[in-house]
Amino acid sequence: MSENRLSPSDMATLKQLLEDECDYKLPENVMEEFLSFGRVITYGKWDNVILEGDINPDIYIAMEGIVRCFYWDGDKEKTAFFSTLPTLFMSYHPYFANAPSFYTFQTCTRAKILHVRKADFDNLLKRSHLFAMWNLRLCQTQFYYFELKRKLNTGTAKDRYLSLVRTLPHIMKEVPLSIVASYLGVTPQYLSVLRKELVS
């Protein structure tokens, strides 16, 4: 996989996506400086961006495609969440503690992802109060949506399935049932039966 500089068109698109995601408006020159540190990587389907056990402290922004975050619970694979665009993500164990990642971040489709080195990210945090404020607000926004997803994903398996169909319909179209089932906490067989019941 090669890493390429962000094109002007991708820069403009990503700036707009990030502005839409966070209600704290970062000055354009600071946003452009942040994004200019990044390199674009095009991943194939089922490529690992961050692998469980690796010490990868860098920051990533999903620009296109679907990325999932999963972990192992004994011999069962559990999907913690799927990306929505744009999703700024990192593995916090390596970032904060220089420890191996607990999660694996994996593409479910072909994906375009911006890769920013931790050193560049941290340096800008130290130099720019505005960038630090934007990151704080972005984190608060992500925590809010994380809680909202947990709220929407409570109830019966049917409730959780209907919530996923309402909020992330593209997941149902592009991600295999076995992975959707691991996100909903049901078996693929049960999910298949549930889908047939709701269609009929």
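The values are calculated or read from the model by the stated rules, or taken from the named source; none is laboratory data. A quick note: this is a predicted structure, and the numbers were derived from the prediction, not measured. In this analysis, Cβ positions are derived from the backbone assuming ideal geometry, glycine residues included, and neighbour counts consider all displayed protein chains. Just the protein is used for accessible areas: all its heavy atoms, side chains included, with ligands, DNA and RNA removed. Shrake-Rupley method; radii C 1.70, N 1.55, O 1.52, S 1.80 Å.
Just a few scattered comments:
- Highest average first, the peptides 153-166, 90-103, 52-65 ordered by how many other beta carbon atoms sit within 10 Å of their residues are 52-65, 90-103, 153-166.
- In the stretch 84-200, a dipole from Cβ-located charges (positive for Lys and Arg, negative for Asp and Glu) runs towards its positive end, and of 168, 143, 192 it is 168 whose Cα lies farthest in that direction.
- Spatially proximal aspartates and glutamates relative to residue 15 (Cα-Cα < 12 Å; intrachain offsets below 8 disregarded): 28, 32, 33
- Solvent-accessible area assigned to carbon and sulfur over the chain amounts to 55 percent, based on a 1.4 Å probe.
- Alpha-carbon Debye profile of the stretch 1-92, log10 I(q)/I(0) at 0.22 Å⁻¹: -1.27
- The stretch 74-200 - convex hull of alpha carbons, volume per residue in Å³: 132
- Taking Lys and Arg as +1 and Asp and Glu as -1, the other residues whose beta-carbon sits under 10 Å from that of residue 25 total -2.
- When each of 76/112; 78/149; 173/196; 45/151; 45/173 is checked by Cα-Cα distance, pairs over 18 Å: 76/112; 45/151
- Distance between the stretch 176-200 and the stretch 2-74 - C-alpha centres, whole angstrom: 30
- The residues of the chain expose, per residue, 55 Å² of accessible area to a 1.4 Å probe.
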